[in-house]
1. Give me the percent relative contact order of the chain, please, defined on Cα pairs under 8 angstrom at least 6 residues apart.
2. Let me spell out the model: positive unit charges on the Cβ of Lys and Arg, negative unit charges on the Cβ of Asp and Glu, origin at the Cα centre of the range 43-104. What dipole size does that give, in debye rounded to 20?
3. Could you point to the residue in L164, T146, A30 farthest towards the positive end of the chain's charge dipole, with +1 and -1 charges on the Cβ of Lys/Arg and Asp/Glu respectively?
4. Per residue, how large is the accessible surface of the chain? Use a 1.4 angstrom probe and give square angstrom.
5. Averaging sequence separations of C-alpha pairs under 8 Å and six or more residues apart, then dividing by the length of the range 104-143, give the relative contact order as a whole percent.
6. If you keep only loop residues by DSSP, which trypsin sites (Lys or Arg not before Pro) in the range 1-63 have at most 13 other Cβ atoms within 10 Å of their Cβ?
7. Among the GluC sites (Glu not before Pro) within the range 1-88, which fall in a DSSP loop and have no more than 16 other Cβ atoms within 10 Å of their own Cβ?
8. Give me the dipole magnitude in Debye, nearest 20, for the chain about the Cα centre, with unit charges on the beta carbon: positive for Lys and Arg, negative for Asp and Glu.
Amino acid sequence: MPGPKLLILSCCAPCSCAVIKKMADEGADATVLFYNPNIYPSAEYEKRRDEQRRICEHFGLKFAELPYEPEEWDKAVAGLESEPERGRRCSECFYMRLKKAQDYALEHKFDALTSVLGVSRYKDLAQVNASARRAWAESVKPYWATNWRKGGLEELRRALIKELGLYAQTYCGCKYSLASSLNNRPSGENK
Ligand code: SF4
């Protein structure tokens, strides 16, 4: 009997590589969904999307992309532009992407969903999970709110980033995080 059909919402290759390798090693029926209208500018979006596709192909996992719609993201975070990272703008950003992933999961008959949006140490996993609970409130599909940093996955992630030479972005993704990273984050450090 085939295992459950799992959908993994991913923000980028560096955050998802260890989970992708784990799923591939376990022979899971998993698909990586790339829905990131938050990423700015479009050239950066394409770079991250191409890296995401590259590691899916490398490990033999399915890859799906939803249309890039930055105007929709602008609407979703309107009024929250000056919020800090981990603030209310991020909750809306997570919610919007997770909600779209939920719709995709229902439409394509996935059994369960998860995301790697909380993998980076710059992210608050509890905040991601709270947005996921909101997005999944009316769904019959389970959201798998596991901590993908545990069980050796953080170490594996760091090793794979080096081994595969993954593009290491220095900001979360949106235009506001780009502006603040120019002032705060050490150059070359992954998000
Ligand atoms: S900092 Fe990251 S999570 Fe927060 S709004 Fe920007 S892209 Fe979204």
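The values are calculated or read from the model by the stated rules, or taken from the named source; none is laboratory data. Worth saying up front: this structure is predicted, and the values here are computed from it rather than measured. We place every Cβ from the backbone using ideal geometry, glycine too, and count neighbours over all the protein chains shown. SASA here: full protein model, heavy atoms, side chains in, ligands and nucleic acids out. Shrake-Rupley method; radii C 1.70, N 1.55, O 1.52, S 1.80 Å.
1. On the way: 273 pairs, mean separation 51.4, N = 191.
RCO, the chain: 27 percent.
2. Numbers: 13 positive and 15 negative charges, 63 e Å.
The dipole magnitude comes to about 300 debye.
3. Of L164, T146, A30, it is T146.
4. Numbers: 9130 Å² over 191 residues.
With the other protein chains kept in place, the chain gives 48 Å² per residue.
5. On the way: 24 pairs, mean separation 17.1, N = 40.
Relative contact order comes out at 43 percent.
6. Details: sites: K5, K21, K22, K47, R48, R49, R53, R54, K62; in loops: none.
Of the trypsin sites (Lys or Arg not before Pro), not one in the loops of the range 1-63 has a Cβ with at most 13 other Cβ atoms within 10 Å.
7. Numbers: sites: E26, E44, E46, E51, E57, E65, E71, E72, E81, E85; in loops: E26, E81, E85.
Taking the range 1-88 and a limit of 16 other Cβ atoms within 10 Å, the loop GluC sites (Glu not before Pro) found are E26, E81.
8. Numbers: 30 positive and 26 negative charges, 93 e Å.
Computed about the Cα centre, the dipole is about 440 debye.
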